[in-house]
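What follows is a short report on a single structure.
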Amino acid sequence: MSIAQISLPKGVGPHAEKLFDAITQASTAGELNRAGGKAEGFVLGLESTKAIKSQVAELLYVAYDDAASQRANELV
């Protein structure tokens, strides 16, 4: 799933894409873990402040998790 397919509030999309790119372009496992942690915190912050609905948060979590899993497999 792509971040572009998720309906996000104005101004949130570019940040979400930047975090997605950091995950998919990580060059080490440590870098991947940091990028994944930042993405998870980003979604948690949006959800906690009610900037996005929980359904949208779940879509973001899945997109980031899928990207991280795929990148981890590529780094092996």
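The values are calculated or read from the model by the stated rules, or taken from the named source; none is laboratory data. From a predicted model like this one, the values you see are computed outputs, not experimental measurements. Neighbour counts are summed over all protein chains in view; Cβ atoms, including those assigned to glycine, are modelled from backbone coordinates with ideal geometry.
Of all the listed residues (ALA39, ALA68), the sole one being in contact with a Leu (Cβ under 7 Å, 6 or more places away or on another chain), farther than 17 Å from VAL12 by Cβ and not hydroxyl-bearing (Ser, Thr, Tyr) is ALA68. When region 1-18 is limited to residues that are part of a helix (DSSP H, G or I) and under 19 Å from LYS53 (Cα atoms), the one that is modelled with the lowest pLDDT turns out to be ALA4.
Among the residues making up region 25-76, those that are assigned to a helix (DSSP H, G or I) and of a type in the set (Val, Ile, Thr) are VAL43, VAL56, VAL62. Residues in region 1-44 that are closer than 15 Å to ALA68 by Cβ and among the β-branched types (Val, Ile, Thr): ILE3, ILE23, THR24, THR28, VAL43. Taken together, the residues in region 58-76 that are over 10 Å from the mean Cα position of the chain (by Cα), at pLDDT 95 or above and of a type in the set (A, V, I, L, M, F, W, C) amount to 2.
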